Every structure is written in structure tokens, then in C-alpha cells.
1. Evaluate the distance, in nm, between pseudo-label points positioned 7 Å from the Cα of Asn75 and of Thr16 along their respective Cα→Cβ axes.
2. How many nm is it between the label spots at Glu82 and Val94, if each spot is 7 Å from the Cα in line with the beta carbon?
Amino acid sequence: MEDIFILGGSYGGVSTAHRIFKTAGKQIDFKTTLVSPNSYFYWNSPAPRAIVLGEFTDEELFDLIAVQHGVDRFNSILGSPESLEVEAKTVAVVGQDQGFR
């Protein structure tokens, strides 16, 4: 199984995670970990739909990646990358989920 780490959970990081699952999801055995200092992501495009009361449920607007792609294939770490060791294939993360990953 391949491990894919995405450092940063903003628009680019979340979009990359979805794209990886969409394009390689059935072809490669992998697990994706998204490292982000935030537990949320605000995207301007669906914002108008969110403010129209009663039009959409929270579940329709705010989809969890882990639920959508499988909790066994997606993990999130709440924190900021402190260092990256490419040769050792390690990332040090500091933040709410303190520790070394």
C-alpha cells in the first residue's frame, strides 16, 4: 500500500485529495493523509447555497472526505508541517495532533 501525504488542506490540498481518489482510486492501493492546521475549509462557490435557508441540508453542503472515500483510505492530521525529510519519507507535524508522523 502506498502512503500519500498532502501538506495543506486549503483549496489545493482538498482538491488534490479528491482528484487522487477520483483518478487512481481503483487502480492503486493507497492511503491519503491530509495535514492541515484547520479542521474546516471554506469554499466561496457553494457559500450562496449555504445561506439560503431550507434549500440544502448541512450533509449535502459539507461532505466529509473520509466518509466519501472511506475511513480506511483517508486520514487527516490537525497541525502544521514543521519539517520534511524526503529521503527518510517522514514529516514532522506540530499542532493540535502533536507528534511526529
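Where a number appears in this text, it was derived from the coordinates with a stated rule and is not lab data. Every value quoted in this text rests on a predicted model; they were computed, and no experiment measured them. FYI the Cβ positions are ideal-geometry reconstructions off the backbone, even for glycines, and counts take in every protein chain you see.
1. With each label point 7 Å from Cα toward Cβ, the separation is 1.8 nm.
2. Using points 7 Å along Cα→Cβ, the separation is 0.5 nm.
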